[in-house]
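Data block below; observations after.
The values are calculated or read from the model by the stated rules, or taken from the named source; none is laboratory data. Since the structure is predicted, the reported quantities are computational estimates derived from the model, not experimental observations. All Cβ positions, even for glycine, are placed from backbone atoms using ideal geometry, and neighbour counts span all protein chains on display.
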Amino acid sequence: MAWKRLCALGDVAENALRKFEVDGVPVVAALVEGEVMAYPPLCPHMAEPLEISGICDGGTLTCTKHLWQWDMKSGGELGLAEKPLLLYPVKREGDAVLIDIEQELVYDYD
Ligand code: FES
């Protein structure tokens with residue numbers, strides 16, 4: 001694993017995806033029930049930017065473009081979604097949030 005600093009804990013909020021870039025790799029992150037979760041920034045369906053089209057509510061992420069939904073903790077599909085949400089490994093060290101971006105996560109859109 002190659003841990004890199006993603007942000008400070010105070011930089012992420014509940015129910016709000018925020019975009020970051022770590023070593024040139026774009027990532028969106030949010031607090032989900034106090035736990036920092038990080039994902040690739042584009043919707044698994046048709047690559048809409050989730051920091052714009054994504055709405056988080058009660059641990060569920062909805063892409064407003066076509067209403068695909070996911071469990072934000074597991075990445076599992078809910079409702080109409082046909083692909084899971086990919087999750088980056090994340091851990092905390094004090095106030096710092098670290099992410100493993102050794103392998104950039106990208107969806108297959110074919
Ligand atoms: S682009 Fe996100 S649900 Fe279709």
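The table that follows gives values for the structure above.
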item	result
Condition met for Tyr88 (more than 16 Å from the ligand (Cβ to nearest atom), in contact (Cβ under 8 Å) with a residue 40 or more places away in the chain and either out of contact with any Cys (no Cβ under 7 Å at 6 or more places or on another chain) or more than 21 Å from Ile99 (Cβ to Cβ) (or both))	yes
Top-ranked residue in the stretch 34-47 [being over 25 Å from Arg5 (Cβ atoms) and surrounded by fewer than 23 Cβ atoms within 10 Å (Cβ to Cβ); ranked as farthest from the ligand (Cβ to nearest atom)]	Ala47
Test: Glu93 is modelled with pLDDT of 95 or more, under 24 Å from Trp3 (Cα atoms) and within 13 Å of the ligand (Cβ to nearest atom)	no
The stretch 1-30, residues that are out of contact with any helix residue (DSSP H, G or I) (no Cβ under 6 Å at 6 or more places or on another chain), in a strand (DSSP E or B) and surrounded by 20 or more Cβ atoms within 10 Å (Cβ to Cβ)	Leu6, Val27, Ala29, Ala30
Which listed residue, of Leu80, Leu31, Leu50, is within 16 Å of the ligand (Cβ to nearest atom), at pLDDT 95 or above, closer than 26 Å to Trp3 by Cα and touching a strand residue (DSSP E or B) at 6+ places or on another chain (Cβ under 7 Å)	Leu50
The stretch 64-77, residues that are free of Cβ contacts under 8 Å to residues at least 24 places away in the same chain, surrounded by 14 or more Cβ atoms within 10 Å (Cβ to Cβ) and more than 13 Å from the chain's Cα centre (by Cα)	Lys65, Glu77
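Listed here are the residues, each with its yes/no results for (1) under 24 Å from Asp108 (Cβ atoms); (2) among the acidic types (Asp, Glu).
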{"residue": "Lys4", "(1), (2)": "no, no"}
{"residue": "Asn15", "(1), (2)": "no, no"}
{"residue": "Lys19", "(1), (2)": "yes, no"}
{"residue": "Met37", "(1), (2)": "yes, no"}
{"residue": "Asp57", "(1), (2)": "no, yes"}
{"residue": "Cys63", "(1), (2)": "yes, no"}
{"residue": "Ser74", "(1), (2)": "yes, no"}
{"residue": "Gly79", "(1), (2)": "yes, no"}
{"residue": "Arg92", "(1), (2)": "no, no"}
